[in-house]
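Participant: So that we are looking at the same thing, I have put the structure below in structure tokens.
The values are calculated or read from the model by the stated rules, or taken from the named source; none is laboratory data. What you see is a predicted model; the values in this text were computed from it and never measured. Please note: Cβ atoms are built from the backbone with ideal geometry, for glycine as well, and neighbour counts cover all protein chains shown.
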């Protein structure tokens, strides 16, 4: 992997900067204020972090919250090292009873929404008083209308992104900026 502030090369693919670390920090701070305001009267907010992508976002976000919270981690995957979701998400979800509790699911990115829709169906067995979703990034152009985001950092076009916890073949999670796949004009037809 070869990286600079404006571009990075991962597994033979060129990515250009979409969001700087400064812009990401501002987005996370805003989301922290919005979530804290929404849950200001809640005794404890249960935050469910979807691993591995949302881990970096979650750690930054919880430092911006002014409400007591407990962290829970689950694993969900639908990419398996590719740039496209396989449409069949896999989960590792612990059995929990959250009856009467307030649960906020944190995702790094909502693409088509297949994974988060299936995940929320499974989390409803926890019997929480409320179950909401927060995502750093969302792609509304390809997202299912069944996805209900309570909190969204930024909407982006349907581009493949890496950095700030998001990966391409497990590479790039450590990057402080978010980069989008760079498609040259003559390559554009191949990706449509």
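Participant: Checking residue 91 against (1) under 22 Å from residue 127 (Cα atoms); (2) at pLDDT 95 or above; (3) surrounded by 12 or more Cβ atoms within 10 Å (Cβ to Cβ), which test does it fail?
Facilitator: Answer for residue 91: the failing condition is (2).
Participant: Also, quick follow-up: Within the range 119-131, is even one residue within 14 Å of the chain's Cα centre (by Cα), closer than 21 Å to residue 62 by Cα and touching a residue at least 12 places away in the same chain (Cβ under 8 Å)?
Facilitator: Scanning the range 119-131, I find no residue that is within 14 Å of the chain's Cα centre (by Cα), closer than 21 Å to residue 62 by Cα and touching a residue at least 12 places away in the same chain (Cβ under 8 Å), so the answer is no.
Participant: Follow-up. Please determine, by comparing only the residues of the range 95-111 that are assigned to a loop (DSSP other than H, G, I, E, B) and either crowded, with 23+ Cβ neighbours inside 10 Å or in contact (Cβ under 8 Å) with a residue 40 or more places away in the chain (or both), which one is nearest to the chain's Cα centre (by Cα). It would help to see each step written out before you state the result.
Facilitator: Filtering the range 95-111 down to residues assigned to a loop (DSSP other than H, G, I, E, B) leaves 95-98, 100-101, 111.
If we keep only those that are either crowded, with 23+ Cβ neighbours inside 10 Å or in contact (Cβ under 8 Å) with a residue 40 or more places away in the chain (or both) as well, we get 98, 101, 111.
Numbers: 98: 22, 101: 22, 111: 9 Å.
Among those that are assigned to a loop (DSSP other than H, G, I, E, B) and either crowded, with 23+ Cβ neighbours inside 10 Å or in contact (Cβ under 8 Å) with a residue 40 or more places away in the chain (or both), it is 111.
Participant: Would you check if residue 156 is at pLDDT 90 or above, buried (at least 16 other Cβ atoms within 10 Å of the Cβ) and under 23 Å from residue 93 (Cα atoms)? Break it down stepwise before answering.
Facilitator: Working: at pLDDT 90 or above: yes; buried (at least 16 other Cβ atoms within 10 Å of the Cβ): yes; under 23 Å from residue 93 (Cα atoms): no.
Considered against the rule, which asks whether it is at pLDDT 90 or above, buried (at least 16 other Cβ atoms within 10 Å of the Cβ) and under 23 Å from residue 93 (Cα atoms), residue 156 comes out as no.
Participant: Could you tell me whether residue 24 is assigned to a helix (DSSP H, G or I) and surrounded by 17 or more Cβ atoms within 10 Å (Cβ to Cβ)?
Facilitator: Values: assigned to a helix (DSSP H, G or I): yes; surrounded by 17 or more Cβ atoms within 10 Å (Cβ to Cβ): yes.
In short, yes.
Participant: If only one of 145, 114, 82 is surrounded by 18 or more Cβ atoms within 10 Å (Cβ to Cβ), at pLDDT below 90, more than 30 Å from residue 41 (Cβ to Cβ) and out of contact with any helix residue (DSSP H, G or I) (no Cβ under 8 Å at 6 or more places or on another chain), which one is it?
Facilitator: Values: 145 fails: surrounded by 18 or more Cβ atoms within 10 Å (Cβ to Cβ); 82 fails: surrounded by 18 or more Cβ atoms within 10 Å (Cβ to Cβ).
Going through 145, 114, 82 in turn, just one is surrounded by 18 or more Cβ atoms within 10 Å (Cβ to Cβ), at pLDDT below 90, more than 30 Å from residue 41 (Cβ to Cβ) and out of contact with any helix residue (DSSP H, G or I) (no Cβ under 8 Å at 6 or more places or on another chain): 114.
Participant: Condition first: surrounded by 17 or more Cβ atoms within 10 Å (Cβ to Cβ) and closer than 16 Å to residue 59 by Cβ. Now tell me which residues in the range 168-177 satisfy that. Can you show your working first?
Facilitator: Just the residues of the range 168-177 that are surrounded by 17 or more Cβ atoms within 10 Å (Cβ to Cβ), to begin with: 168, 172-173, 175, 177.
Those that are surrounded by 17 or more Cβ atoms within 10 Å (Cβ to Cβ) and closer than 16 Å to residue 59 by Cβ: 173, 175.
Participant: Then there's this: Please go through the range 3-24 and give me each residue that is under 16 Å from residue 174 (Cβ atoms) and without any contact (Cβ under 8 Å) to a residue 24 or more places away in the chain, ordered by number.
Facilitator: Answer for the range 3-24, where residues must be under 16 Å from residue 174 (Cβ atoms) and without any contact (Cβ under 8 Å) to a residue 24 or more places away in the chain: 4, 9.
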